[in-house]
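Structure first, then comments.
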Amino acid sequence: MRLATIGILCSALPLSAVANQDNWELASEIGVYSLIGFSLAKPAYHQDWQGFQQAGLSVGVAGGIGLIGKSTIDAERPDKSGNNSFPSNHTSTAFAAATSLHKRYGWEYGVPAYGVATLVGVGRVEGEKHYWRDVAAGAVIGIASGWLLTDKLDDNSQLWPWVSKDQVGLSYTYLW
């Protein structure tokens, strides 16, 4: 069941349809936004607000580091469309989402998510938006972000946000 859920992401990216540069770019867009969405939807659906927060933070930090790199490192794109090639932000956020899913929910989610993240990186190279070094750096940033900012799901320990008319807070519950 878990593999089937993420299998939907993979089926949205048929390799036979990505034969040209524009289609590779589209495949990478579909892949990265599907992974980010799923990394947030999975914990939200199960009311795992701590997992939701960690996935959002992992993706946000990876994206932020990528944007800082793009703005400080002058690296021309393969298609000559700009000087913000390094690192690949699509790849960094895709791998952050995949790593967050893997670390929080296990290999059943991680393996297919890493497959989609890899396809995102390949799509960025084949779409001539990045070089392999850009994609590799993005993958390292995303994996590090997801690994450092995500905890394994512990059903005995949960952190829940709450909001009322004039208050906000966090509730922590531990079952033993």
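Screening ASP134, ASP154 for residues that are crowded, with 20+ Cβ neighbours inside 10 Å and of a type in the set (Asp, Glu) leaves exactly one candidate, ASP134.
Within this structure, SER88 passes the test of being surrounded by 22 or more Cβ atoms within 10 Å (Cβ to Cβ), at pLDDT 95 or above and touching a His at 6+ places or on another chain (Cβ under 6 Å). Restricting attention to segment 57-72, the residues being more than 15 Å from ASN84 (Cβ to Cβ) and surrounded by 19 or more Cβ atoms within 10 Å (Cβ to Cβ) number 4.
Yes or no, residue by residue, for (1) assigned to a helix (DSSP H, G or I); (2) among the acidic types (Asp, Glu); (3) modelled with pLDDT under 95:
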position	(1), (2), (3)
ALA19	no, no, yes
ASN23	yes, no, yes
ALA27	yes, no, yes
LEU35	yes, no, no
SER39	yes, no, no
LEU57	yes, no, no
VAL61	yes, no, no
SER71	yes, no, yes
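The values are calculated or read from the model by the stated rules, or taken from the named source; none is laboratory data. Since we're looking at a predicted model, the values are computed, not measured. For neighbour counting, all protein chains shown are included, and Cβ atoms are generated from backbone atoms with ideal geometry for every residue, glycine included.
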